[in-house]
Amino acid sequence: MDHRGRYDRVDDMGIRSHMAFDERRYVVEIPHSMKYQMGSCGIAGAINVNGEKIPGSMIETMITTMAERENGLGAGFVCYGLFPDHTDEYCLQFLFDDDDARREVEEFMKDWVEVEWDEKVYTSTNFIRIAPPFPLVRRYFALPKRKSVQFWMQGLDDDDYIVRMVMLINAKIKGAFCVSSGKNMAVFKGSGYARDIAKFYDIFRYSGEMWLSHSRFPTNSPGWWAGAHPISILDWSVCHNGEITSYGVNKKYVEMFGYNCALLTDSETITYLWDLLVRRHGLPVEAAAFSMAPQYYSEIERMGSQERELATRLRMTYKEAFLNGPFSILVGRGDPITMIALADRKKLRPMVVGRADDDSEFYVASEECAIKAVNKDTSTWTPKAGNPVVIKAGEGLVRTGLEPPFQGVV
Amino acid sequence: MDVNLPEKYRPIIDAERCIKCRKCIRECSFGALRFEDDRVKYNGGCVSCLRCVTICPTQAIAVREVDPQFTPHPVFDEKVRRSIIAQANSGGVLLTSCGTDKEYMDIFSHLLLDAAQVTNPSIDPLREPVETRTYLGRRTGRLPMRDGKIDIEADMPPIISMDMPLMIGHISLGSVSYNTQKALFSAAKDLNIIAGSGEGGLHKDFYGFSDWVCSEVASGRFGVTADYLKRVSSVEIKIGQGAKPGHGGHLPGEKVSELISEARMIPKGTDALSPYPHHDIYSIEDLQQLISVLKESTEYKVPVGVKIAAVHNVGAIASGVVRAGADFITVDGLRGGTGSAPRIIRDHAGMPIEIAIATVDQRLQEEGLRNKVTLCAGGGIRSSADMIKAIALGADVVMVYTAALVAMGCKVCQQCHQGICAWGIATQRDELTKRLDPDIATQRVTNLFRAWNEELREVIGAMGIDSVESLVGNRDRLRYIGPNHRIAEIIGVKHSGEGWG
C-alpha cells in the first residue's frame, strides 16, 4: 500500500505500475510533450458472418495470447452489432477527464444533436494493474438536429455533420475525447495491458457480430487513454500495427479535406483515409486498398489493359493516400458489418487470416497463435502483400487476399 | 576614359612542361594568351573558364586567383568597387550570367534528412524496388464513378510520365548552342524526362525529341507557332525566371547568329530583349485566357503550365495560377541560372527556392488544390541532396539546368552573356560550338542524372520509403540545423532534436 492508501499495482516485472512512468497519467488531455506517437503492436479481429454474436471473452483471449506484442501502454477493443436497440442513432462514446469536461461537451452538443439516450459506460477498477486516474466514460445515442441553426449553417449530410462535430469537440474541448461515433458500435480503449483494459470495461459483458482489438507497444509515448487504438470515426475503426513513413504526406492530404488530426498518430490518418476514399469518394474497397498499398509500376505494366488503366489512375490520383512503410491494419465498418485486413505492399508486418471450418467465423491476427487459441478448427493463410482481405456479415469471405488486385472491380 | 580593372585570374604556364603546341592559344576564346619570344604569354582578360588548363596536353597551365589588390575594406569590398568602376566606365546596366554569386544563406545545407531505425525497416534499393516514376500535369483529385464502379473510360487531363522526379530546365537555343540543346534533349529522351525548350521555339532538327520537350511560351513569343505548339509534350507559359524576376528573356546581339536570327525571326546581331511582362497578360484573368488559348490550340492533348519566379507573395500567386487553370506550376528560385541578366536584379530580387517550395506547397494545401496540380521547382539545385530536400519540402519535380551544363564542360565562369564560351556551350560562333560533341555531352548529362536518381533511391530507401511520391512534401522527414529557427517555422520543418509529428 502506498502513502495514499492505494493498493500497489504491480506489473509482470514486479514494477509498481503507477511508478513505472510519470506520476501524471494522461487520460484524455493530450500529453504536453507529445508531438507524435509511434510503435508496434498486436492486432486481432473476429467476425461472425451468420449474424450470431461473438462474446467479448473470445477477443480478449485472442489479443492477450499475443501479450508479447504489448508493453502496457495502450489497448482497445471495438465491438460492432452492439446496440440492436439503437441501430439508427450515432453512438457517441466519450472519455472525460472530469465532470466539467462532460458538462461542456453536453452543452456544446445541444446545438448540434438531439440526444435520444445517454448512459454511463460500465467500468471497474477492481483487479486491474492500471494506475489511476481513470476517465469517466459515457455514451450518447444521438441524431443530428436537422432543424437547428448549426445543421443549416454546416450544410452537410448527416455523416459529414457528425464528423465535423466530433472534430470540433476533439480539437476544442479540453479534457474530453470522442473515441467512437458510429452506429451500432462502440470503442473501449485505454492505457494499460489488453487484459486490464478488458477488465476495466468488463468487455465480457458485451457481445457483437464483429470485434477488433489492438494492443500497443509504443516506443515513445506516455500512457494516453485517448491515443490508444482502435481509432474510430463514424462506423470506421482501425487497429494498426506499423509505422507509416509517409505520415507527413498522408496527414496533409486528409487535413485538406477537413479532418483534424488530433491524436498525433499515423493510425488516425489511416482511419480518415478510409472514410475519405470509401465513404466520401465512393471508391470500392479494393480500389481504396490499392491506393493505400499499390502494386509496383513494374507489376502494373504486366496487368491486363483495363486493370492497368485503373491501377495507373489510382496511383496517380491518390498518390497522397499511399501509405508507405510497414503496416498491417484491421479495418472495421458497420452496415453491413465488414472487416478489412490489409498489409503494406512489402508486407513488413505480420498478418494471418483464419477461417472456421464451418465458415461461420473468420479471424485475423498478427500471429496464428491468437486464432488457434480460440478455435482450433480453423484453416489459416497469410494474405499477399498489399492485398486486402474482406469479410462481410451476411456474405462471408469476399476476398481472401490472394486474388489479383481488382477482381470484381473492373 | 576607361579605367582598367586589376586582373582577377592569371594563367601560370610552366615553361618546362610546355611543348609549345599553342593549343591553349587557339582554344582561348577570350584572347587571353599569345605566342611571343618562343613562349606563351598572357594578354590579360582571363575569366578562369579553365579551357586551356583542361586542354593542355602536358598539363603545363594552372589558373590562379590573383591575390586581392584593393585595399581591404569590409564595406566597400572588392566586388563593390569593381562594380562601381565598371559602371563608371560603361554608364550602363551591368550584365552577368549564371546564378547569383552573392552568399545568400543556402538553406539546403541547413536541412538534415531522416532515416529509418528499429521501428520501421529501411529499404535496400539494391534488392528491393524503390520507385521514382513521376507524373507531370493536372490530376483530377478523385476518379469519376459509374454504376458503383470507377469509370476508366472517363476522360482524364493529359499527364506526362517521367522516370525520375527531375526535369532539365528551360535553356533556350540562343542562350546556348545548337549542339548543347541537342545534347540536353537527347539526354532527356534517354532518361525519359522532360527538358525545357527555353524561349525561342523548337528547331526543326529537334522535332524528333518533341515527346520529351516542354515548350516555353515567353513574353517575346519567339518561335511560337501553331506547328511548334503541336510538337511538344507540354507547354509552359514563362512569366518569370528566378535569376531575373520581373524581366523578360535577354539575348545579347553577340549571340544572334544566322541560326538564331532564323529561329527567332529577328535581324542578325540585334539584342533580343523580350518584354518584361507578357503584353497580353496584365492580370490573372488574362493569364487564364492565355492558358485557355494554349489548351485550345493544343487540343487539350498536352498539359499547360506556368512558370513564375519566386517572389515574396509566391504562395498567393501560385494559387491564383492554379485557379487560372495551370496544369503544373514551376517556381524558379533566387539562385536560378541565366544566360544573361542584369547583375542588380540577379543578385537582389526574389526568394530562396527552399522557402518558395514550402510556402507554395503549404498554400496549395490550405486551399485544397495541392492534389490537383504538379509543383516543379528549380533554381539552385546543385546535387541529389538538394533535389531530395526540395522534394521533401513539397516539390513534385525538381528542375535542374546549371548542373547539366557543368556536366558538359561549363565551369560557371559567369561569362555566358559575352557569347564567346570557350566550351562551346553558351555561344553561337561556329568555331566554338563545334567544340561540344553532342553525343559525349548527352552521355555525361545522362550519367549525372542517372547517378542522382540512384542516390535518390538510396536515400529514400534509407528513410523507409519505397516510392518517391511518399517523399513529396513529407517535411516530417526533414530537420533544420541552421542559425535561424524562424526559417524553420516558415518552411514548416522542425528543428533537429524535435521528434516526429
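Worth a mention:
- Pick from the stretch B:68-125, criterion free of Cβ contacts under 8 Å to residues at least 12 places away in the same chain and among the acidic types (Asp, Glu), ranking: nearest to A:CYS41 (Cα to Cα): B:GLU103
- Selection status of B:ARG450, assigned to a helix (DSSP H, G or I) and of a type in the set (D, E, K, R): yes
- Cβ-Cβ contacts under 6 Å between residues 6 or more apart (or on different chains), taken from a first residue in the stretch B:169-190 that is at positive phi and assigned by TED's automatic domain parsing to the domain that holds B:ALA441 to a second residue that is at pLDDT below 95 and hydrophobic (A, V, I, L, M, F, W, C), are listed as B:GLY174/B:LEU251; B:GLY174/B:ILE260.
- Residue list for the stretch A:227-264, restricted to those being touching a Cys at 6+ places or on another chain (Cβ under 6 Å) and within 14 Å of chain B (Cβ to nearest Cβ): A:ASN241, A:LYS251
- Single match in A:SER237, A:SER207, A:SER246, A:SER298 (criterion: more than 26 Å from A:ARG129 (Cα to Cα), surrounded by fewer than 24 Cβ atoms within 10 Å (Cβ to Cβ) and of a type in the set (S, T, N, Q)): A:SER298
- Test: residue in the stretch B:377-400 that is β-branched (Val, Ile, Thr), surrounded by fewer than 22 Cβ atoms within 10 Å (Cβ to Cβ), modelled with pLDDT of 95 or more and closer than 26 Å to B:GLY249 by Cβ: no
- Some residue of the stretch A:272-286 being in contact with a helix residue (DSSP H, G or I) (Cβ under 6 Å, 6 or more places away or on another chain), aliphatic (A, V, I, L, M), facing chain B (nearest Cβ under 10 Å) and more than 18 Å from A:GLY42 (Cβ to Cβ): yes
- Count of the stretch B:301-348 residues which are closer than 19 Å to B:GLU236 by Cβ and not small (Gly, Ala, Ser): 20
- From the list B:GLU431, B:GLU458, the lone residue that is more than 18 Å from the chain's Cα centre (by Cα), under 19 Å from A:ASN324 (Cα atoms) and surrounded by fewer than 20 Cβ atoms within 10 Å (Cβ to Cβ) is B:GLU458.
- Scope the stretch B:252-302; condition part of a loop (DSSP other than H, G, I, E, B) and under 20 Å from B:ASP227 (Cβ atoms); matching residues: B:MET265, B:ILE266, B:THR298, B:GLU299, B:TYR300, B:LYS301, B:VAL302
- B:VAL306 being surrounded by 15 or more Cβ atoms within 10 Å (Cβ to Cβ) and in a loop (DSSP other than H, G, I, E, B): no
- All conditions in (1) exposed (fewer than 13 other Cβ atoms within 10 Å of the Cβ); (2) more than 14 Å from chain A (Cβ to nearest Cβ) hold for B:GLY99, with the sole exception of (1).
- Spans of helices (runs of 4 or more DSSP H) in the stretch A:296-410 with at least 3 residues within 14 Å of chain B (Cβ to nearest Cβ) and free of Cβ contacts under 8 Å to residues at least 12 places away in the same chain: A:305-317
- Residues in the stretch B:226-247 that are more than 19 Å from B:ALA195 (Cα to Cα) and either surrounded by fewer than 21 Cβ atoms within 10 Å (Cβ to Cβ) or of a type in the set (S, T, N, Q) (or both): 2 in all.
- From the options A:GLU255, A:GLU209, A:GLU243, residue that is free of Cβ contacts under 8 Å to residues at least 12 places away in the same chain and of a type outside the set (Ser, Thr, Tyr): A:GLU255
- B:ARG444 vs. criteria within 25 Å of B:LYS23 (Cα to Cα), modelled with pLDDT under 95 and among the charged types (D, E, K, R): no
- Restricted to the stretch B:463-501, and to residues there that are more than 8 Å from chain A (Cβ to nearest Cβ), in contact with a strand residue (DSSP E or B) (Cβ under 8 Å, 6 or more places away or on another chain) and part of a helix (DSSP H, G or I), the residue that is surrounded by the fewest Cβ atoms within 10 Å (Cβ to Cβ) is B:HIS485.
- Yes/no for B:ILE159 being facing another protein chain (nearest Cβ under 9 Å) and within 26 Å of A:ASP275 (Cα to Cα): no
- The single residue among B:ALA426, B:ALA358, B:ALA404, B:ALA422 that is within 25 Å of B:GLY315 (Cβ to Cβ) and not assigned by TED's automatic domain parsing to the domain that holds B:THR54 turns out to be B:ALA358.
- Scan the stretch B:103-152 for residues that are more than 10 Å from chain A (Cβ to nearest Cβ), buried (at least 16 other Cβ atoms within 10 Å of the Cβ) and within 30 Å of A:PRO218 (Cα to Cα) and the total you get is 3.
- Selection of the stretch B:399-424 for residues being more than 14 Å from B:GLY337 (Cβ to Cβ) and not in a loop (DSSP other than H, G, I, E, B) yields B:GLN418, B:ILE420.
- Test: residue in the stretch B:183-199 that is in a loop (DSSP other than H, G, I, E, B), at pLDDT 95 or above and not polar (S, T, N, Q): yes
- Residue match in the stretch B:323-334 (condition: in a helix (DSSP H, G or I) and either within 21 Å of the chain's Cα centre (by Cα) or polar (S, T, N, Q) (or both)): no
- Residues satisfying the stated conditions in the stretch A:387-398, i.e. under 15 Å from A:PRO284 (Cβ atoms), out of contact with any Gly (no Cβ under 8 Å at 6 or more places or on another chain) and not β-branched (Val, Ile, Thr): A:LYS392, A:GLU395
- Qualifying positions in the stretch A:76-94 - over 19 Å from A:VAL166 (Cβ atoms) and in contact with a Lys or Arg (Cβ under 8 Å, 6 or more places away or on another chain): A:PHE77, A:GLY81, A:THR87
The values are calculated or read from the model by the stated rules, or taken from the named source; none is laboratory data. The model shown is predicted, which means the values in this text are computed figures rather than measured ones. Positions of Cβ are generated from backbone atoms using ideal geometry, with glycine treated the same way; all protein chains shown enter the neighbour counts.
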